[in-house]
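Structure record follows, encoded as structure tokens.
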Amino acid sequence: MIKYVFRQLLCKHEYVNTDEMWSFFGQEHITRTLKNQIIAGRVGHAYLFNGGRGTGKTSAAKVLARAINCLNPKDGEPCNECEICKGAINGSL
């Protein structure tokens, strides 16, 4: 019998930028694509995050949303200093 072990990544660590998050999951090509879309201002109207439990779907969506809505994005990353970023990190948005 095969046992599957699921890790709750969000409970272990809250990601604040895409480099930190996607490098952990080994998805650098996705990071590059999403960053280029944010830098170019050509963000899609919807994104579908798919995967098993504990794979970082919600964490990825939170970082992407923060990067898109950030008032002062830095090279496709959220600044984590503006009122939007701070509100998203604190959960007060």
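The values are calculated or read from the model by the stated rules, or taken from the named source; none is laboratory data. Every value quoted in this text rests on a predicted model; they were computed, and no experiment measured them. Just so you know, the surface numbers come from the protein's heavy atoms only, side chains and all, with ligands and any DNA or RNA stripped out. Shrake-Rupley method; radii C 1.70, N 1.55, O 1.52, S 1.80 Å.
By a 1.4 Å probe calculation restricted to protein chains, Leu71 has an accessible surface near 100 Å², given to the nearest 10.
Accessible area, 1.4 Å probe, largest first: how do Ser59, Ser92 sort?
Numbers: Ser59 5, Ser92 90 Å².
Ranking Ser59, Ser92 by accessible area, largest first, yields Ser92, Ser59.
Protein heavy-atom accessible surface, 1.4 Å probe, per residue over region 43-93: 63 Å².
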